[in-house]
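Below is one structure, written out as structure tokens; comments come after it.
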Amino acid sequence: MSNRRAGANRIRGPHSALTDFLAANNISAAQIRDDYERRQREAERDRNAGEGSAHQEQKDSSDDEDAALAQAAAEEASKKAKKRKRGEKEVIEKIKKAKAAEKAKGSKKGKKKPKRGESDEEDDDDYDDALARNMYKKAKPPPGQFEHCEICSKRFTVTPYSKDGPDGGLVCTPCGKELTKEAKAEQRAATKKPVGRKRRKVESDRLDGLTHLGSKSLQQLCIEKVAQHHNQIDSLGDLPGSVYERLSQIFSKKRVMNPKTLPVFLRPDLDKIAIDDAAYLEVDDYKQIFAVVPHVEHIVLRNACQFKDEVVEYMLEKCDNIKHLQLYAANLVTNPMWQELFRQAGPRLETIQLQWLDAAFDDDTVQDIVEHCANLKRLKLKLCRRITEETVKLIPRLARLVHLSLQVSKHQEVGSESLVSLVTTNGPNLQTLSLEHFVDADDSVVDAIHYHCIQLKKLRISENDYITDAAYEALFTEWQNPPLIFVDFNSTRCLEENEPAQAIGLASKSFAALMNHSGSALKHLDIASCRHISKACFMEIFDGATQYPDLEYINISFCNSVETTIVAGIFKSCPALKQLVAFGCFDVTHVVVPRGIALIGMPTAQDAIEQYGMGIGVEEAIGRMVAVTG
Amino acid sequence: MAATSDYVTLVSSDDYHFVVQRSSACISPAVKRMLDPMNGFLEAKTNTVRFDTINAMVLEKVCEYFYYSEKNESARDVADLDFPTELCLELLMAADYLDI
């Protein structure tokens, strides 16, 4: 019975050759096992230290226990077959729970502590079996060892920073990075947008004049959603033209007006095509527009950089209904082509609006306009670099002109006489006159306006430091013209620092005369940089008693004499006010904005750059302001 | 001739009836005019408006918008109303018709 020894009733599995060898050489398997487990514990401790002590906090200890149990069970699986089978089922459930818990928390904090505790309990089990199984088991190697990545099976060195794979093993660094990226993406999808971006969007909407109080209109919400999913839209169906225009504005603003999204806006029965940013569109796209919508009457293409000669040809061929043409930045069209355009389409054209033309389009082209476009009612030529005084002399020949807007390049000198003759000839018909940046214009021009313009609704003379206050005053005194609706005299002031001997630009007397003449019907008032208007004048005009019932927009930027009481007066005098722009008015502080008014441009850091009136009425707002300023 | 009741009925093209408050429905100028007793329309007499061009799913969202809009009348920075993208174009057409 030499085979029987003490403890022989213990069932022993097959011994490997290694075990036999070790036993033969007096190397204790138990001791090896102890060493091994000690190394495990040390490795975990190191990893724990690497993560930082903060992770030691256990918020959901029960979940951690489950997770720990699951991990322990998974890695040092049960020794006996029965236990293993039961354990497997439990383990699978617990692994699922553990994965869910882990994903939510995203850290391995819970696992370590109890796992160490768990491993101590294994001491009671069969040593040999445990050792055999542990040696076969894929256990976590300590740092410094080589290990195969769970995901890509590549060999890599275990470090304290090695991430855990989905099945409990370790993954190599690149796979680990991917795992963290995925985890972060999930987190980001769950959290809200960063605060900064939202605030910018809100303020951008406000500056666009969209309603700040209350909710957006349903149309606006739908249009925004369409713009968001612009990739998936094929066609817009039977919506009215105004919706198309709104949508094209939003697409242009978001810079998604491109060859792919353009077909959405083309419908054969439209009579107006308006694209605010056609920068992405190429020659073929323009041709497509004219092919699909041949009966178009009104064309607005801004930033039409790729609008070339061949497009103009195609347009002339296909479309014979064009009445209103607005082309901004169409710099690739050559002079002969402009000529051809005006020659063929000229008689029909009622509106020509061209801006930003540097490469071509000079006085000869304007000559063609004047010759062929006899029916022209609306002309706008701004920022066309090659136009000179000759153009100004040619325009009087357009007898039917009703709306005129001119701005020549600052390098061109345009004398007053040409302007005077222009005003004299066209004046009686003009409803809009906009002369921007004519620095050499003098009092005679304004006199001419006084004598000849009797139907003006919109008047703009800006960026001029020559015309005197007296001339403007004479303009508005006893003027036959009915009250103006839109007035813009920005930057009419003396450019030198010291006060001039004679008041230049729109100053106190002329401003008073202006408000006297047009106050009853005025909607839009822009007197930015008219710094010669005195405080007394402002106080007198916006005294709270005189009412300006239609005034909706006022721009008093850089009028240094404006202060808080004047702003209060404006609020009181202008019941219909929607927007007050006051950049650079440093004496305006502590403004309480009444309901429905947007105040833009406050200088102090404490006040927001735009302030929107909340639910208070004008009276209360003024009362509060007076209380603050004393 | 029923007196102006607090609630009105909106009927979709596929015969779904939605009962909403009169004040909310009148956010739409079109509906308001239809329900105005002074104008003497049939809708005003029966307190019911039928929409033959708007189907039930869209009309439901429209009613939701009525309440959302009335609730947030004087609030600032209101969150946008959520709706499924598939509904978007039809909702836009309905919104344009109702002028809301």
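Miscellaneous remarks
- For region A:338-348, Karplus couplings with θ = phi - 60° (6.51, -1.76, 1.60), whole Hz, Gly/Pro x: 4, 4, 4, 4, 6, 5, 7, 8, x, x, 7
- Counting Lys and Arg as +1 and Asp and Glu as -1 over every other residue whose Cβ lies under 13 Å from the Cβ of A:R267, the net charge comes to -4.
- In this structure, the amide hydrogen of A:L170, modeled 1.01 Å from its nitrogen in the peptide plane, lies closer than 5 angstrom to those of A:E150, A:G165, counting only residues at least 5 positions away or on a different chain.
- Once the chain from B:N39 to B:T85 is taken as fully extended at 0.36 nm per residue, the excess over their C-alpha distance is 12.9 nm.
- Added length on full extension, which subtracts the Cα-Cα distance from 0.36 nm per residue, A:H229 to A:L179: 15.1 nm
- Cα-based shape type of region A:356-446, given that a ≥ b ≥ c are square roots of the gyration tensor eigenvalues and the cut on a/c is 1.5: oblate
- Other residues lying with their Cβ under 9 Å from the Cβ of A:I461 contribute a combined charge of -2, Lys and Arg counting +1, Asp and Glu -1.
- Nearest 10 degrees, 0 to 90: helix B:88-98 Cα axis against chain B principal axis: 40 degrees
- Among the GluC sites (Glu not before Pro) in region A:464-519, those placed in a DSSP loop whose Cβ has at most 10 other Cβ atoms within 10 Å are A:E478, A:E496, A:E497.
- Alpha carbon centroid spacing (whole Å) that separates region A:353-418 from region A:218-258: 35 Å
- Shape call, chain B: gyration tensor on alpha carbons, a/c limit 1.5: oblate
- Sequence-ordered 3J(HN,Hα) estimates for region A:504-521 from the Karplus curve with 6.51, -1.76 and 1.60 and θ = phi - 60° stand at 10, x, 6, 10, 3, 5, 6, 5, 4, 5, 4, 5, 5, 6, 10, x, 6, 10 Hz, glycine and proline given as x.
- The distance from the alpha carbon centre of region B:36-100 to that of region A:302-351 is 43 Å, rounded to a whole number.
- Shielding by partners for peptide A:232-240, expressed as the average number of C-beta atoms from other protein chains within 10 Å of each residue's C-beta, is 3.
- 0 to 90° range, to nearest 10: angle between helix B:56-71 axis and chain B longest Cα axis: 90 degrees
- Rounded FRET efficiency, nearest 0.05, which uses the C-beta distance separating A:R38 from B:E73 and R0 of 60 Å: 0.25
- Among the GluC sites (Glu not before Pro) found in region B:10-74, those both in a DSSP coil and sparsely packed, with 13 or fewer other Cβ atoms within 10 Å of their Cβ, are B:E73.
- In this structure, the pairs whose alpha-carbon distance is over 31 Å, taken from A:K253/A:K509; A:K225/B:K32; A:K177/A:K260, are A:K253/A:K509; A:K177/A:K260.
- The shape of region A:269-324 comes out oblate: with a ≥ b ≥ c from the C-alpha gyration tensor, a/c is at least 1.5 while a/b does not beat b/c.
Each reported figure results from applying straightforward, stated rules to the coordinates on display, with no laboratory input. Worth saying up front: this structure is predicted, and the values here are computed from it rather than measured. Here the Cβ is made from the backbone with ideal geometry for all residues, glycine too, and neighbour counts use every protein chain on show.
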